[in-house]
Amino acid sequence: MLKKILPIASTFILGFGLVTTACGQKPKDYKQEYKPIYNYFVLGESFEQEVETKFHDALAKKQNEIIYIDQTMQQNKNLDFFTQSNLQEINLRKQNQNITSNYELLSQREKDALTNDLNKITKSSKLEESILDSMKPEFDFYSSILEFKNEDQKWFEGLSYDFSNIDFGYLDFDKENKQYIANVNLSLVFTYQYTDINKNIIKNNYHEDIVITISDQNDIIENLKFTTSELRQNLIKNKFEWAWFDAYDLRINDYSRLFNLSKNDFENIFKFDKFEKTLLSYIFEHNTNSSKPIQSYVFTFKDENRFKNFKSINKIDNFNPRQNKYGSNELILDDTVSTINTNNINLFKTVFSELITDDTIVLENKFIKGNQDIYAYLSKEYQTWVSDFQTKANNELDIASDSLVNYGEITLDNFCLYFDEFNYYHPISPISYYVGVSANNFNDSYLNNENEIVKTKIVSPNQDSIFKAIYQNTISALQVFQETYGTTKTTWMSLSDNQQLISMKNSNILQSRAATTTDKSISDVNAQLSLLNNKNLTYSAESERQSFLNKTNTSTFHFQFNNNEELQNIPIIEMNNNQLIFKKFKEGSSNLSVDFNLSFLNLSFVIKSEKFYWFERTLIESI
């Protein structure tokens, strides 16, 4: 199966040898197949994000066909559950019966009718087909994790429903004319699966909460449709105040956090009454569906908990799972006296040795103490990353912002129709809309209407707020990395020196989480270096890894020894106590690479010194 791994991933399928533990003993013959654990982890993680994004986006486009049921739909689809009389009866039961689960209010016949009606509605919307069609172009890329032992198995199992938190609501607002509005709250579930490196089947369920509104009043349905469709796309394009957030708005003094924002960073902002007034004003101004209703109702939030979630969609980054070595920058280490080699070795030592931050650098026109090696590297590269990201944002969202560093989606909570006469809140399906996050948007040309077309601002790194954010994120992530791994000062002056490449104080990094710590292949070591190892040697992320990512304000991390060429030439290694020793390559000669990705350092250090390979070399020593 490994021969079938994607062309991109195949560059990483480099065999590694078995380990010996006796000093001076020849390496064992290579028998163990190298397992590219990190490659599978990246592929699986990417697949999960892809599937769940496709499901979410398809539902957002199709939801108005699913969550609103009027008289015409009731008749055309011959619905049994979503009828006025049935929902009225269930609501009476809810008021009179004390049960732990609303689902138990239903008889078996009603439960079956509910599922049947939902199947009719979702099938008619072609939601499932939309998701599957959008995934078809991705099948080649993900083919290696979509193979199953049983050919009858599929990567998806279709749509289902979660009724564990189901809720019902009903209001007769004109009993004489039998005018009503009702709701059923539940979750849509998309179940999918893929295989990991050991051919284990990984099954996942992706849930989306929905609120289905049933009414015989078309004006109500049309007003609701505006909130669940047009708001999502247009708030950011129309420069709605609460769709554009700056580090200042989020009270973030340390820009490094801008690339790892969470729900907590936004939670308090939406409690301001000004947000509710601004949103309601926008709806009143832009909703062309509104007409004078028969019954008086208004949009409102039920309470001050107006915010549900923030989800980052894309941000400035330089890690791409679809590129060779994930788009890493190849840096050559040799024994020449060239400026390039000196700079590369200094950067290697800065990453894997000792982070010195007493150089004088300039950020946002201010002299501060920092690290010149990191500063110099990022200065040369960052404008490409920024340009690529902002171009994607423009293509996806139709905005030409030049201050954007991150964009995502805000989901609101407790947004309702309020019927004042009855003091009744009718819940609305969760509303989401796109938002942008900036390091400094005060001079953003798009927000200031300077130019609606993407333009390039030539700003030097020492003046650029975005560069400051990138630099701070990188430095803070490196500090956590070096503290976690216990890196110590490097003493070698050149690669010819017969000394270990990397020294660590934390000996646990090279010790397996499994019971046995002997006879490790470099596959095992690489998994441990990237905090991916567990007892089953699968790539499932441990809490340790997630904790590390949270501390570093990053979403990707990779640290391994590799072969820099696109060949299956196996570096044979030996692990002796707390030493990781390079022995030789399985076939002929090659060049060893140290691949490292953290924050904005996506690097592949390639050792091209012939003298380095004359003797056995210690790659890592824990002291």
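Can you pull out every residue in segment 126-162 that is in a helix (DSSP H, G or I) and touching a strand residue (DSSP E or B) at 6+ places or on another chain (Cβ under 6 Å)? Within segment 126-162, GLU128, ILE145 meet the criteria.
On inspection, SER187 does not qualify as open to solvent by 20 Å² or more (accessible area, probe 1.4 Å), among the small types (Gly, Ala, Ser), touching a residue at least 12 places away in the same chain (Cβ under 8 Å) and in a strand (DSSP E or B). Among residues of segment 383-398 that are within 14 Å of LYS315 (Cβ to Cβ), those with a beta-carbon under 9 Å from a residue that is open to solvent by less than 80 Å² (accessible area, probe 1.4 Å) and assigned to a helix (DSSP H, G or I) at least six positions away or on a different chain give the pairs TRP385/ILE470; VAL386/ILE466; VAL386/PHE467; VAL386/ILE470; LEU397/GLN233; LEU397/ILE236; LEU397/LYS237. Within segment 78-110, the residues that satisfy the criterion of being without any contact (Cβ under 8 Å) to a residue 60 or more places away in the chain, part of a helix (DSSP H, G or I) and open to solvent by less than 30 Å² (accessible area, probe 1.4 Å) are ASN86, GLU110. On the basis of being modelled with pLDDT of 95 or more, farther than 30 Å from ASP303 by Cα and open to solvent by 40 Å² or more (accessible area, probe 1.4 Å), does GLU354 make the cut? Spelling it out, it is not the case that GLU354 is modelled with pLDDT of 95 or more, farther than 30 Å from ASP303 by Cα and open to solvent by 40 Å² or more (accessible area, probe 1.4 Å). Of all residues in segment 608-619, those that are under 17 Å from ILE502 (Cα atoms) have Cβ atoms under 8 Å from Cβ atoms of residues that are modelled with pLDDT under 90 and among the acidic types (Asp, Glu), 6 or more apart or on another chain, in GLU616/GLU574.
Of the helices (runs of 4 or more DSSP H) contained entirely in segment 211-282, those carrying at least 3 residues that are crowded, with 18+ Cβ neighbours inside 10 Å fall at 218-227, 230-237.
The number of residues in segment 193-211 that are aliphatic (A, V, I, L, M) and farther than 30 Å from PHE415 by Cβ comes to 3.
Report whether or not LYS35 is modelled with pLDDT of 95 or more and surrounded by 17 or more Cβ atoms within 10 Å (Cβ to Cβ). No, not satisfied. Looking at the structure I just gave you, is GLU544 of a type in the set (D, E, K, R) and either at pLDDT 90 or above or surrounded by fewer than 22 Cβ atoms within 10 Å (Cβ to Cβ) (or both)? Criteria met by GLU544.
Sort out which residues of segment 440-473 are of a type in the set (A, V, I, L, M) and at pLDDT below 95, and write them in order of number. Result: LEU447, ILE453, VAL454, ILE458, VAL459. Checking the structure you have, find out if any residue of segment 588-602 is over 30 Å from ASN318 (Cβ atoms) and open to solvent by less than 20 Å² (accessible area, probe 1.4 Å). No, that holds for no residue. Scanning segment 551-592 for residues that are without any contact (Cβ under 8 Å) to a residue 40 or more places away in the chain and within 18 Å of PHE352 (Cα to Cα) yields PHE559, ILE581, PHE582, LEU592.
In the condition set (1) free of Cβ contacts under 8 Å to residues at least 12 places away in the same chain; (2) crowded, with 19+ Cβ neighbours inside 10 Å, GLU176 is compliant with all but (2). Listed by first and then second residue, the pairs with beta-carbon distance under 8 Å, at least 6 apart or on different chains, first residue in segment 45-70 and of a type in the set (S, T, N, Q), second open to solvent by 50 Å² or more (accessible area, probe 1.4 Å), are THR53/ILE313; ASN64/LYS225. Name every residue in segment 383-410 that is of a type in the set (Ser, Thr, Tyr) and surrounded by 17 or more Cβ atoms within 10 Å (Cβ to Cβ), in order of residue number. Hits for segment 383-410 are SER401, SER403, TYR407. One residue alone among ILE252, ILE212, ILE220, ILE201 is touching a residue at least 24 places away in the same chain (Cβ under 8 Å) and within 25 Å of the chain's Cα centre (by Cα), and that residue is ILE201.
Restricting SER215, SER229, SER187 to those that are under 18 Å from ILE121 (Cβ atoms), out of contact with any Phe, Trp or Tyr (no Cβ under 9 Å at 6 or more places or on another chain) and among the polar types (S, T, N, Q) reduces the list to SER229. Do the conditions hold for THR357, that is, is it part of a loop (DSSP other than H, G, I, E, B), within 28 Å of THR490 (Cα to Cα), of a type in the set (S, T, N, Q) and touching a residue at least 40 places away in the same chain (Cβ under 8 Å)? Criteria met by THR357. More than 24 Å from PHE47 (Cα to Cα), open to solvent by 40 Å² or more (accessible area, probe 1.4 Å) and part of a strand (DSSP E or B): does that describe ASN165? Yes, satisfied. Only one entry in ASP196, ASP117, ASP152 is surrounded by fewer than 18 Cβ atoms within 10 Å (Cβ to Cβ) and either modelled with pLDDT of 95 or more or not β-branched (Val, Ile, Thr) (or both), namely ASP152. Within segment 460-502, the only residue that satisfies the criterion of being loosely packed, with under 15 Cβ neighbours inside 10 Å and among the β-branched types (Val, Ile, Thr) is THR491.
In segment 223-249, the qualifying residues are those that are of a type in the set (D, E, K, R) and within 29 Å of LEU186 (Cα to Cα), and the one that is farthest from the chain's Cα centre (by Cα) is LYS225. From the list THR115, THR100, the lone residue that is farther than 21 Å from SER429 by Cβ and under 39 Å from the mean Cα position of the chain (by Cα) is THR100.
In the set TYR425, TYR375, only one residue is under 29 Å from the mean Cα position of the chain (by Cα), surrounded by 18 or more Cβ atoms within 10 Å (Cβ to Cβ) and in contact (Cβ under 8 Å) with a residue 12 or more places away in the chain; that residue is TYR375.
The values are calculated or read from the model by the stated rules, or taken from the named source; none is laboratory data. What you see is a predicted model; the values in this text were computed from it and never measured. Positions of Cβ are backbone-derived with ideal geometry, glycine not excepted, and every protein chain shown enters the neighbour counts. Calculation scope for accessible area: heavy atoms of the full protein, side chains included, ligands and nucleic acids excluded. Shrake-Rupley method; radii C 1.70, N 1.55, O 1.52, S 1.80 Å.
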